[in-house]
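Following: one structure in structure tokens, then a few remarks.
The values are calculated or read from the model by the stated rules, or taken from the named source; none is laboratory data. Because the structure is a prediction, the values reported are computed rather than measured. Cβ placement follows ideal geometry from the backbone for every residue including glycine, while neighbour counts extend to all protein chains displayed. Accessible surface areas use protein heavy atoms only, side chains included; no ligands, DNA or RNA. Shrake-Rupley method; radii C 1.70, N 1.55, O 1.52, S 1.80 Å.
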Amino acid sequence: MQVCKLFLKILKKNKFMFILYFCIFTLICIFMIKGQNTSMNYQEQKIVAAIAIEEESEEADAFLTFLESYIERVELQGGQSVSDALFWDDIDLYIYLPSDFYEKIILGEEGIEYESSPDSLEAVAFLSTINSYLNTLRESVRLNLCSKEEAFTYTTKLFNDNTVTHIELTAKESTGKIRGVFDLAVYVVCALILSIVGIISFEMRTIDINRRLRISSYSTGKRNIMLAVCYLVFSVLFIGVIACIAILLFPNQISIRLLYYIINAIFFALIAVLMALFLSSLFKSDMAYSCLANALPLAIAFLCGCFISLELLPEGTKIFAHIFPQLYIVMANQYIQTTTSFNFIEYLKIIWPCFLFIFIFLGGSILITNHIAKSEN
């Protein structure tokens, strides 16, 4: 109880700073999550393309009819070359139709010539659509699904009938925002715990408190265990507040997954406490530790996908991020969101490296603490 009272006394002494931290982190959660669109609306934008035809024909007209739905056809200005037009982004795509393009397509040859702007991802993607269209046309003729003369009409109708695609994102729609809150919580919990552990650890190293603890009935080991329990209880309470924020912001997305998110966050809180104790034991200067406690969680959060989806991060960044436990917690959140039936074994397969971090942080803290105690004696 002596250690717990001292813990609460130091918290009370620094309550203004903790309240400020709490408000800032809570506002970050609210604004970043609430600022995300609840639904995404896509507006199709036509590709600007220049088309050259060697010889007018029914096949060329039929192919242009298909392209009309996807491109905005323009003419090159004043004898401008194709390469210049692509370089200056006057056009996204250049298409050239030789007189015998249809015969070459039927024979499986490259019948159409293309040049696309390297800056236009839409043009590159559209070339894939054209290739799919031409492959469908060729196979329709080969399989006698239509005659050679009706191939363009048949294929264009087939593509137009499949233009509208209905996509259901059941797991993502029902829990995407909640997962976003708990991805942010990885950063919030880490930053807050590092700050609290630093303040209390260095406060307890002051001469008066240190002398009082030395003459108490608590050994250094018991004292550290009690402190760790206090940190963990504080973290669990804070995670409970984060869960309440998630419920208030997105009441329609609450499900059993919320419980899994909370358990995952509490598990990370244990790791964060041990990491903070380990890092604080490495520093003698509270100022140096404070700089680390402010900068490190933010840097790790960007590397591990707390702010940006893991799918959008470069492969090199994701490989490097494996040296931080935060990555596995974010991956576990992703699993919780996307799985249709939670499987504890699958969850363990994702987070098992975190147990290595626990042993490293715990063992490192014990070794360093014992070394410091021996040197002081």
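Here are the numbers for the structure shown:
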read-out	value
Stretchable slack from LYS349 to GLU110, in nm (0.36 nm times residue separation minus alpha-carbon distance)	81.3 nm
For the range 297-336: Kirkwood Rh in Å [reciprocal of mean 1/r, alpha carbons]	9.8 Å
FRET efficiency estimate (nearest 0.05) - Cβ-Cβ, ASN160 to ALA52, R0 35 angstrom	0.90
CYS4, CYS291, ranked by accessible area, largest first (probe 1.4 Å)	CYS291, CYS4
Convex hull volume per residue for the range 258-371, taking Cα atoms only, in Å³	112 Å³
Restraint check, LYS318/LYS349; LYS15/LYS284; LYS177/LYS349; LYS5/LYS222, Cα-Cα greater than 22 Å	LYS15/LYS284; LYS177/LYS349
Segment ILE266-SER132, extension gain: residue separation times 0.36 nm, minus the distance between their alpha carbons	43.4 nm
Exposure rank, largest accessible area first [MET275, MET287; 1.4 Å]	MET287, MET275
Accessible-area ranking of LYS46, LYS13, LYS177, LYS318, largest first, probe 1.4 Å	LYS13, LYS46, LYS318, LYS177
